[in-house]
Structures are given as C-alpha cells and as structure tokens.
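*Asks:* One structure coming up, written as structure tokens, with questions to follow.
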Amino acid sequence: MHFFSVTATVIISTAIAARGSPLPLQARAVNFHILTPPTDGTTPTPGTTDAEVCSPDQVSAIQAAIVDAMNMANVAIQVLGVAGVEKSNGFFWLFGGAAAATPDEISRRFGFVNNLGTPDLITSTASFVKSPTDLIFTCVPGSTKFYAQTVNLNRPTKSNTNPTLNLIRFGPNSLAQLGSQRAGTSRKDSLSVPAACRYPPIAFTLVHEVQHADLLLENPPVDHLADQLGPNGKAAYGFTQLQLMDQSLKKLNPQNYAYFGLLAQSNPEFFAPDCFIGGPLGSRRRALSCPAIANGIPGDVDLDDFEDDDDLA
Ligand SMILES: [Zn+2]
C-alpha cells in the first residue's frame, strides 16, 4: 500500500508541473499577525476588517491555540504513523477506512498545520493589503453566531468577492473557550458531556481553518479544501454528520481533520488497529466491544454555524 501512495504522489506532481502551477509554497516565509485596537486613540470604522480587533485575552488565546494546534497536529501525525491505523474505528469514522484514504495523505494535511508560526501584534491591516506573504488573525465583534472563516487573497467567498487580505477570522463562539487545551488533563471527561463541549477548543477550529488557508498549503490550487455537505444537505460539521457523510468526501472535509486531531489527543483508543467496530458511532453512548471507547465517547457538537467560507466557484 505504501508503494501505491508513493506512485500516486509522483503522478499528481507530474500533472501539476504540466499545468504550470506555481511551485510549492513551503519555501516561502509567511508572516503571522493578530489585529489589536489602535493605540493612537482612533476608532476603526465599524464593519471593516480593521474593526475586528482582538482583546488581550483573545490575543493570548490565539497565541496559545497556535501552539496547541501544532501539538494536536503532531499527535495526529504520530497516531497516523502507527502500522494498521487505517483499520481502526477512528480512521474509518473520519476518513472512510483504507478503501477511501491512506494514512500518508491524511498525515500530509496535518503537516500544513505545522506551517503556522508565531504572530506579532498589529493595529491596522492597511500595510498588508495584497501581500502574498502575510496572514492576519482577527476577532469578529458582537454576539453573532458566525463561527470562523478563512479568507484568501484573490479567492472569492460568498461574503467577499474581491479579497485583498489573507485572514483567519474568529467569531465570538469560536473564541468561547479562551483557555489553552492540550492533550491529557481530563479531556475525556469533558468530552463525554455534550453540554460542556458546546464549543470546541480554538486549536480545533484552527486545524480546520488551516485546510482552507492557501498560504499554509503546499500547492493551493490542488490542496485548498472547501467544506463538504453531509447526508442532510448541510455542511458536515458535527461528529455524527462526519461519520455518515459519503466516504469519498471525508478526506476533503476540513472538519474531519479537526475531529481527528481532537480525538487523537483525547481518545487515542479510537485509533487502535485492533479495535474495529465499523458502523457509525453517532452521538449516543453504546455498549461497544472496546470498553475504553464506551467511556470516552464525545457527544455530537452542534456546529451548524461553524463558518461560511465555501467557494463561489
Ligand atoms: Zn470550513
């Protein structure tokens, strides 16, 4: 199987070269920024990007989330490196099993999370307009249900037909858990109570958004992912929807990577090759063949408004 994955990579690379696509971006340095309020006494115009300023607590949370997301990605990469992981429940639920995806191609996408870097603080986006090397984190004000969104320079979205900045915009709900949440520390307990995990950690959201962020991808024309639809016709964000969606779409859906990263940290038993259940787990606890799983099942997280960044095209 490893031989097949290597062969496929070579074929894809050849096809890309033939189309004249740009070289991979990994050699390009990306500068990261967090937008904060002006220090000169002025007030940004409401409704503009510059009004999406982050509070000191939000700045700290985003800084921690970047570190957490990279930790999450590295745990996922470790889990994906275990022989036979594609036979596990977790891999089946989130990526459709060995018939639908290889651990190598999933691991590669977690590598994009490791292209994140340490942000500095800025008070205006003006000097970064049309910059192909700058990515700015902003905090959307108000009580809107808007969750999070990635905007890429020159890639239209439903809400912005001419983006001139690279942004990852966090809505109030995606910033609801300001604390840093790393592996361990009672994650299983909190995940087992749906009401307590109404909103996932910011690192979870970041792993998702990275899959949309062209600056962090190896080859954006090929690697950029849009959110896929679940069996109910809505974007698949909830854990139940992710399990029930078309197997071939799972590896194309950013939320599946977010859940994989989260569960690789909180419930590594999901990814043991010798614990295969097969069917979808759903949101209910069941008497399963693997006791550790029955004790650690997360409830379905209600994320209907996770974001709105589908491509127009
Ligand atoms: Zn998305």
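The values are calculated or read from the model by the stated rules, or taken from the named source; none is laboratory data. None of these values were measured; they are calculated from a predicted model. Glycine gets a Cβ as well: all are built from the backbone with ideal geometry, and neighbour counts include every protein chain shown.
*Asks:* Determine whether segment 26-46 contains at least one residue that is surrounded by 14 or more Cβ atoms within 10 Å (Cβ to Cβ), modelled with pLDDT under 50 and over 21 Å from Ser174 (Cβ atoms).
*Replies:* The answer is no; no qualifying residue exists.
*Asks:* Additional query: Restricting the search to segment 225-254, which residues are among the charged types (D, E, K, R) and either within 14 Å of the ligand (Cβ to nearest atom) or buried (at least 23 other Cβ atoms within 10 Å of the Cβ) (or both)?
*Replies:* Asp227, Lys234, Lys250
*Asks:* Now a separate question. Select from segment 29-68 the residues that are among the small types (Gly, Ala, Ser) and free of Cβ contacts under 8 Å to residues at least 60 places away in the same chain and list them in ascending order.
*Replies:* Gly41, Gly47, listed by residue number.
*Asks:* Is there any pair with a first residue in segment 130-152 that is more than 8 Å from Leu167 (Cα to Cα) and assigned to a loop (DSSP other than H, G, I, E, B) and a second that is away from the ligand (no atom under 12 Å from the Cβ) and aromatic (Phe, Trp, Tyr) whose Cβ atoms are under 7 Å apart and which are 6 or more apart or on different chains, and what are they?
*Replies:* Val140/Phe146; Val140/Phe170
*Asks:* Anything in segment 142-151 that is more than 12 Å from the ligand (Cβ to nearest atom) and surrounded by 18 or more Cβ atoms within 10 Å (Cβ to Cβ)? List them, or say none.
*Replies:* Matches in segment 142-151: Phe146 only.
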